[in-house]
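Input: a single structure, listed below in structure tokens.
The values are calculated or read from the model by the stated rules, or taken from the named source; none is laboratory data. Please read all numbers here as calculations on a predicted model, not as lab measurements. Backbone-built Cβ (ideal geometry, glycine too); neighbour counts: all protein chains shown. What goes into the accessible areas is simple: the full protein's heavy atoms, side chains included, and nothing from ligands, DNA or RNA. Shrake-Rupley method; radii C 1.70, N 1.55, O 1.52, S 1.80 Å.
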Amino acid sequence: MATKTDPKPAGVADEKLRSAGKTYESLSRERLIEAYRIMYTSRRVDDREILLKRQQKIFFQISGAGHEAVGAAAGFALKSGYDWFYPYYRDRALCLALGATPHEMLLMAVGAAADPQSGGRQMPSHWSFPKFNVVTQSSPTGSQILQAVGCAEGGRYFARHPQAAKKNGGDYRQFKDVKFQGDEVTYVSLGDGATSEGEFWEAMNTASNRKLPVLFVVEDNGYAISVPVEVQTAGGNISRLVAGFPNFHFEEIDGTDPVASYAAFARAAAYCRAGEGPGFIHAHVIRPYSHSLSDDERLYRPEAERNLDAARDPITRMQMFLIREGILDEKGINRLEKQVEDELQVAVDQALDAAPPTPDTIMQFIYSPDLDPTSSALQTEPLSVAPSDGKKVAPKTMADLINATLRDEMRRDERIVIFGEDVADASREQYLEEKLIKGKGGVFKLTFGLQNDFGSDRVFNSPLAEANIVGRAIGMATRGMKPVVEIQFFDYIWPAMMQLRDELPLIRWRSNNGFSSPCVIRVAIGGYLTGGAIYHSQCGESIFTHTPGMHVVFPSNALDAAGLLRTAIRCDDPVLFLEHKRLYRETFGRAPYPGPDYTIPFGKAKVVQSGTDLTVITYGAVVPRALQAAQKLEREHGVKVELIDLRCLNPFDWETIAASVSKTNRALVAYEDTLSWGYGAEIAARIADQLFDQLDAPVRRVAAKDVFVAYQPILEDAILPQAEDLLRAMKELSEY
Ligand SMILES: Cc1ncc(C[n+]2csc(CCOP(=O)(O)OP(=O)(O)O)c2C)c(N)n1
Ligand SMILES: [Mg+2]
């Protein structure tokens, strides 16, 4: 059967072949015929799509032509719905072998509502089949690889912590079923060009180091659009470059030969299943249909070179093989091909009749349809635990309460893992066991003691590679884990930008709710550090609030940090949790420990002080500065400022802003980031747009100068908004 892996291949049944002493790597004649059916179907779906594109009935086409043999072989060696798959766009034959139908593929091409991949949101051939464990694919070349590593880590984690997989009410776990096998393999494929991406090397490094059951497949067709492999890869052969990675099983194969490919996959999969480590298959294939319909390879490849490729076409090779070995004769081949054509015609007709998605669905599944983090049910009161000796409860810092919240939640939910740079107490855990050291627990000590309390498979250091942290977190969260990872400084978040912008917030939407990756990214942010300088002081939250699909939280005090972090961890969506470094241990905003269930809903601002004359809207480290300014303004000039701390930037609390500005008729938006195109610009624009009739003065902003934060404190003070700047602006606006 095409759709199932044969766990015990039947061996060569044909007596004639047996007597000839020939074996086909344990593939039966039926399986070989099936392989040809899959390969031929794959090619013909491409051909039909190309025709449909020329007729303008579909909008994009990318072919799997030339990659069919390796795809069918992988599909035979691995198990659909059991193993996990992160396939490249040329893996049409693999998807057919896993059980996908031409009809489903054509629904993708027409962008039908019933397109199982994305409901018309993602280009065709960017595979996603929840039923086969084929995980939603994007278009950036290489961003799937670290996610595959995280996926494999997820499978291993649940095998070691089976209790964690249980369903649980009261948080994201209610909606996130977990399945795992214990000996599963995670398949990930990429092109020769994509091996140039840094994330490929980061993924190889971690899979090797952790001996993960990831099967890397490089489908090397010699070109990345028009760029030949020797430009991508030093020396022109990726196998030679990766050979030094420990713990791998390596194969370099002719990927146009399905039998040889199958044998390589079977060996590599067995190695991965046995827990020996990752596999790497370097398959040499061809690309007979140019890169895509927008590309004409005759512009950069001479005829002689293209002819060499054509001689290795896997479809013709397989036909010849079947005939030569007496498995199918010409008539048999014609019959099979006719059957494929007939079925394809029906699939095309049905797909062209399929209903398109309706525009009113566009906003569906940006966020979880199941769990609303703005729900008033999350509005709780802090638990006040009075000490029995009658003493006052000692107020805790933001750092203390974040640490306490992480500890509470890790105790409550075994799916939580914490990793990042320096977050462990000590990677060399014997030092901890022998009590030779105290442990580090983060450069700001926010995760201190957690490895000691919960063990090294729940709290561990990552390599110094931010894409590695976020990419793996996405893969783990896809499997139902709850990674709460740390980016050490906001200034260094950029290597993870592809994962944060093009992957994490899109997993649910682009798969039409087929997959989700609710994880928490904690990031130390902000300046006012006296010596932090350019690369330890940046803000830039608007870059992420500009990204649909990700909540952005920015607390200004200890209690809000605890309540919002808990909501973030229990949430069914990705959350970027921004922690201001200057506020970690500030006297301002300390609070007693609020108990292990204290939550604050997202999107609810806090009125820090109410007033009648002017509304100041701010968040983060500007809150204490604005408060100081507002108090001085009232003392000296009797102006009563209503100070709003947004706390959560996406979603944000428009209702509270609107009610306040409608009362005071004046609005000042203050933020630490650079003034132009900063977060407050959007708030100011909304006020101007929707509250125009209520305003007695222009909407003003106070923010950093449009420059990076400098080292010398005199310069830093001049660059970042200070209480005096806020005071001046508040006074001017109140007098306008
Ligand atoms: C990060 C990124 N950069 C550029 C592109 C545009 N692009 C799409 S496919 C491709 C070439 C990929 O070549 P290769 O990995 O060898 O795969 P092949 O198409 O040859 O199978 C490029 C440059 C992209 N999708 N993603
Ligand atoms: Mg290529």
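Selection of the stretch 299-346 for residues being in contact with a Ser or Thr (Cβ under 8 Å, 6 or more places away or on another chain), assigned to a helix (DSSP H, G or I) and of a type in the set (Lys, Arg) yields only Arg317. Among the residues of the stretch 284-307, those identified as away from ligand 2 (no atom under 16 Å from the Cβ), farther than 23 Å from Gln61 by Cα and of a type outside the set (S, T, N, Q) are Pro302, Glu303, Ala304. Count of the stretch 226-240 residues, restricted to those that are open to solvent by 60 Å² or more (accessible area, probe 1.4 Å) and either within 15 Å of ligand 1 (Cβ to nearest atom) or on the phi > 0 side of the Ramachandran plot (or both), is 3. I need the full set of residues from the stretch 624-656 which are within 22 Å of His546 (Cα to Cα) and part of a helix (DSSP H, G or I), in order please. Those that are within 22 Å of His546 (Cα to Cα) and part of a helix (DSSP H, G or I): Trp654, Glu655, Thr656. Going by the conditions given, is Asp696 without any contact (Cβ under 8 Å) to a residue 24 or more places away in the chain and more than 32 Å from the chain's Cα centre (by Cα)? Against the criterion (without any contact (Cβ under 8 Å) to a residue 24 or more places away in the chain and more than 32 Å from the chain's Cα centre (by Cα)), Asp696 does not qualify. Contact map, the stretch 288-311: first residue within 16 Å of Val227 (Cβ to Cβ), second residue more than 13 Å from ligand 2 (Cβ to nearest atom) and open to solvent by 30 Å² or more (accessible area, probe 1.4 Å), Cβ cut-off under 6 Å, separation 6 or more or different chains; pairs are Ser290/Asp296.
Given the criteria buried (at least 24 other Cβ atoms within 10 Å of the Cβ) and closer than 23 Å to Asp696 by Cα, does Val616 qualify? Against the criterion (buried (at least 24 other Cβ atoms within 10 Å of the Cβ) and closer than 23 Å to Asp696 by Cα), Val616 qualifies. Looking across the stretch 423-434, just one residue is polar (S, T, N, Q) and in a loop (DSSP other than H, G, I, E, B), and that is Ser427.
Within the stretch 347-379, being farther than 18 Å from Phe59 by Cβ, hydrophobic (A, V, I, L, M, F, W, C) and either at pLDDT below 95 or in a loop (DSSP other than H, G, I, E, B) (or both) holds for Met363, Phe365, Ile366, Leu371.
When Gln61, Gln117 are checked against the criterion of being within 16 Å of ligand 1 (Cβ to nearest atom), in a loop (DSSP other than H, G, I, E, B) and open to solvent by less than 10 Å² (accessible area, probe 1.4 Å), a single residue qualifies: Gln61.
Number of residues in the stretch 313-363 that are more than 16 Å from Tyr40 (Cα to Cα), of a type in the set (A, V, I, L, M) and open to solvent by 90 Å² or more (accessible area, probe 1.4 Å): the value is 2. Give me the residue from the stretch 389-405 that is under 10 Å from Pro594 (Cβ atoms) and of a type outside the set (Lys, Arg) and, out of that set, surrounded by the most Cβ atoms within 10 Å (Cβ to Cβ). It comes out as Leu401.
Test Trp494 against the stated conditions and say whether it is aromatic (Phe, Trp, Tyr) and more than 30 Å from Leu715 (Cα to Cα). Judged against the criteria, Trp494 is not a match.
The C-beta contact set for the stretch 216-231 (first residue farther than 23 Å from Cys151 by Cβ, second residue within 7 Å of ligand 2 (Cβ to nearest atom) and part of a strand (DSSP E or B), distance under 8 angstrom, 6+ apart or interchain) comprises Asp220/Gly191; Asn221/Gly191; Ala224/Gly191; Val229/Asp220; Val229/Tyr223. Residues in the stretch 214-225 that are open to solvent by less than 70 Å² (accessible area, probe 1.4 Å) and either within 11 Å of ligand 2 (Cβ to nearest atom) or of a type in the set (Lys, Arg) (or both): Val218, Glu219, Asp220, Asn221, Gly222, Tyr223, Ala224. Considering every residue within the stretch 412-433, establish whether at least one is of a type in the set (Lys, Arg), open to solvent by 10 Å² or more (accessible area, probe 1.4 Å) and closer than 23 Å to Val178 by Cβ. Checked the stretch 412-433: at least one residue is of a type in the set (Lys, Arg), open to solvent by 10 Å² or more (accessible area, probe 1.4 Å) and closer than 23 Å to Val178 by Cβ.
Scanning the stretch 191-215 for residues that are in contact (Cβ under 8 Å) with a residue 40 or more places away in the chain, within 15 Å of ligand 1 (Cβ to nearest atom) and closer than 24 Å to Gly155 by Cα turns up Glu199, Phe200, Glu202, Ala203.
State all residues of the stretch 706-735 that are touching a strand residue (DSSP E or B) at 6+ places or on another chain (Cβ under 7 Å) and open to solvent by 80 Å² or more (accessible area, probe 1.4 Å); if no residue qualifies, say none. Listed by number, the list holds a single entry, Asp706. Out of the residues in the stretch 291-302 that are of a type outside the set (D, E, K, R) and under 30 Å from the mean Cα position of the chain (by Cα), state the one that is farthest from ligand 1 (Cβ to nearest atom). In this case the residue turns out to be Leu293. When the residues of the stretch 187-213 are filtered to those that are in contact with a strand residue (DSSP E or B) (Cβ under 8 Å, 6 or more places away or on another chain) and more than 16 Å from ligand 2 (Cβ to nearest atom), the one that is most open to solvent (accessible area, probe 1.4 Å) is Pro213.
The residue list Leu51, Leu94, Leu78 contains one member that is farther than 25 Å from Ala224 by Cβ and open to solvent by less than 10 Å² (accessible area, probe 1.4 Å), which is Leu78.
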